[in-house]
Every structure is written in structure tokens, then in C-alpha cells.
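Read through the structure below, which is laid out as C-alpha cells, and then see the notes.
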Amino acid sequence: AKDRGRARYVVFDGALRGALELRQQVEADLRRGIDRGELRLLYQPVVDVQSGEMTGVEALVRWQHPTRGLLAPDEFIPVAEDTGLVVPVGSWVLHEACRQLQDWQRKSDLALTVAVNVSARQLSDSRFPEAVGDILQATGADPAALCLELTETALLDATDATTATLQALRRLGVRLALDDFGTGFSSLTFLKRFPIDVVKVDRSFVRDIAVDPDDAAIVAAVINLGRSLNLETVAEGVETPEQLRCIRRLGCHLAQGYLFSPPRPPEDIPALLNALEPA
Ligand code: C2E
Ligand code: CA
Ligand code: CA
Ligand code: CA
């Protein structure tokens, strides 16, 4: 029995070491990637449901890896979260998105809003609002055009300090969105507790909205709740005209999804103004 126990321990240790080495390798690789400027931002249009006009974009990070190709966030954000590298990644994303926002405004007179995803790690640093303020000042971007997207998981172990951080961000003039709304356990508590401006209805509810009455009822409730709390509502993952018809009928303000456009490189964005109305 003793031997078996030891053998099992050895196997477990080997597997653990393998996972650890892989993680350390990705970590070192990502650290180098950040320094070498391998991160990119794609922008997905956010569209007014009634008029079909693009009112803003969401910035979505990619890693242009020298050998592995273009990597989606799923392939490196979890490691970045675990290792704390999501903080430098997040700073870069925020700076680049604000620089781009100001560039569109200046060169093309494009009045767009830009949404940026913020992770729990960034939010838990009490100096985060100051860093955001510095970036806004350095880039000259309009704070009112910046929306920070927070997930329920990012707010899950929120303390009074988190509330203070969110209020400080609000004082800068930036807006706050609750992302993936409805997927967590305490969505309603968060709306009550935190100064939120926008709710984004998660893609998982939008997917079957045209065929599943339960999902349609959930989305209707979220949109009504948002409207009565004076929040802006955004439907995520709109892929079909039927889904668009449903959310339009329910009074949702904004939508994003493949029906309008996938995430695109920044140079594609100006031409999409007034060009996005789906067939
Ligand atoms: P998210 O914030 O919920 O972003 C929306 C995701 O849905 C994006 O995936 C987008 O490409 C995808 N999407 C958009 N429209 C559709 C559609 O019609 N159908 C389907 N099936 N998918 C659609 P992406 O770019 O792979 O990003 C995945 C997640 O990674 C994001 O989910 C966000 O949580 C995270 N992420 C992205 N960029 C950043 C970042 O800069 N910082 C942090 N911390 N997280 C990020
Ligand atoms: Ca988001
Ligand atoms: Ca989302
Ligand atoms: Ca999501």
C-alpha cells in the first residue's frame, strides 16, 4: 500500500510538473511578446438596434505569436490572469484603445465609443483609476467615449475598496458595463451595489431567443430591468436577422455580433460607418 501511494504520488508529481512547465513557458513567452509588441487589438462594431448605425466598438485583444500564429484571448488570457501578466497586458490594451479612439476622432472625425475589457486583477489594484486617468490624459481620449467592461466574476470577491475604485473611475467620466450579464449568480446584487451604466446580455441567452420561449423571457426581463434602471442595454452575439428582430421588439438599445461584423483591424472601422445595416 505504501509503494502504491508513492507511485501515485510520482505520477501526480510528473503531471503537475508538466503543467507547471507549460505554464511557465507560456508566461515567459507572453512576457517577451508584450515587450516585442506582439499584441494586437481587433475592434467589433456595436450597432444601434433601431437605426442600424455603428455607435461604437469593443476592443478585443489578440497575440500575434511568431510561431503559433494569431492567438485568441482564450489561449493566453487565463495564463495572464494566473501569473499577473494580465496587468501589463491590460495596461497596453487600455493605452492602445485610447490612442486609437483619439486617432479616429482626430483623423476621421469619427465619434465612436470604445469598450475595453478589464480583468479582476486590474480592478483589485487601488491605483487602477489613477492609471486610467494617466492614459486618458496622455492620449487625449474623451473619457465619456470610454466604457470599461467588467464581468461578474471580476466583481465576485469585490470589497468596499472595489466600490471605491469603481466610483473613482466614474468620477473620471468613463462609463462602466456589466459584461456577460446573467451568467453569474448575483447579477441583480451587482446592479444594486455598483455604479453600472450598461448591461451586456450574454450571448448564451441571445443564441436561442428566436426559438426558445424561456430564453426570450429571460432576455425580455433583462432588457426591461435595464431600461427601468436607466441602463443602456447591449445584446451580444447577434448572428441572425430573427435574433435582431427579437431584441429590437424587446426594446434593446444596442447589439453586436457576426450579423453586423466580426472583430476587425482598426483600419477597417472608418469605412463601416453608415455601412452596417444588415440585409
Ligand atoms: P467577451 O468580452 O464576451 O467578448 C465577446 C466575444 O464574443 C469575442 O470573442 C467576440 O469575438 C465573440 N463574438 C462576437 N460576436 C459574436 C457572434 O455573433 N457569435 C459568436 N459565437 N461569438 C461572437 P474573443 O475576441 O475571442 O474574446 C473572448 C473573451 O476574451 C472576451 O469575451 C473577453 O472576456 C476576453 N478578452 C478579450 N479581450 C480582452 C482584453 O483586452 N482584456 C481582458 N482581460 N479580456 C479580454
Ligand atoms: Ca466584453
Ligand atoms: Ca461578453
Ligand atoms: Ca462572453
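Values quoted throughout were computed directly from the atomic coordinates according to the rules given, and no laboratory measurement underlies them. In this text, all values refer to a predicted model and were calculated from it rather than measured experimentally. Heads up, the Cβs are rebuilt from the backbone with ideal geometry, glycines too, and the neighbour counts pull from every protein chain shown.
Does the range 1-126 come out rounded, prolate or oblate by the C-alpha gyration tensor, with a ≥ b ≥ c the root eigenvalues, rounded set by a/c under 1.5 and, if not, prolate when a/b is larger than b/c and oblate if not? Since a/c reaches 1.5 and a/b is larger than b/c, the shape of the range 1-126 is classed as prolate. Oblate is the label for the range 126-279, because a/c, from the alpha-carbon gyration tensor with a ≥ b ≥ c as root eigenvalues, is 1.5 or above and a/b does not exceed b/c.
Each part reduced to its alpha carbon centroid, the range 229-271 and the range 73-133 end up 21 Å apart.
Per-residue Karplus couplings for the range 109-114, computed as 6.51 cos²θ - 1.76 cosθ + 1.60 with θ equal to phi - 60°, are listed in order as 6, 8, 9, 10, 9, 10 Hz, Gly and Pro entered as x.
Write down the percent of antiparallel bridges among all DSSP beta bridges whose residues are both part of the chain, to the nearest 5. So the antiparallel bridges amount to about 40 percent of the total. Roughly how many Å is it from the Cα centre of the range 159-192 to that of the range 21-48, as a whole number? One Cα centre to the other: 25 Å.
Per DSSP H run of n ≥ 4, the term is -39500 (n - 2.57); total these for the chain, divide by its residue number, and report the mean residue ellipticity at 222 nm rounded to 500 deg cm²/dmol.
Numbers: 11 runs with 133 residues, N = 279.
For the chain, the value works out to -15000 deg cm²/dmol.
Hey, can you list the DSSP H helices of the chain whose Cα span along the axis is 30 Å or longer and whose average Kyte-Doolittle score is at least -0.5? Kindly include the intermediate steps, with their values, before the conclusion.
Working: long enough: 2-35 (49 Å, -0.71); 86-108 (31 Å, -0.45).
The answer, listed by residue number, is 86-108.
Computed over neighbours whose Cβ is under 10 Å from that of Trp63, the net charge equals 0, Lys and Arg +1, Asp and Glu -1. Just check the range 142-202 against the gyration tensor rule for me: Cα atoms, a ≥ b ≥ c as the square roots of the eigenvalues, rounded for a/c under 1.5, and otherwise prolate or oblate depending on whether a/b exceeds b/c. Oblate is the answer for the range 142-202, as a/c is 1.5 or above yet b/c matches or exceeds a/b. The string of couplings for the range 175-180 from the Karplus curve (6.51, -1.76, 1.60, θ = phi - 60°) is 9, 10, 10, 9, 7, 6 Hz, one whole number per residue in order, with x for Gly and Pro.
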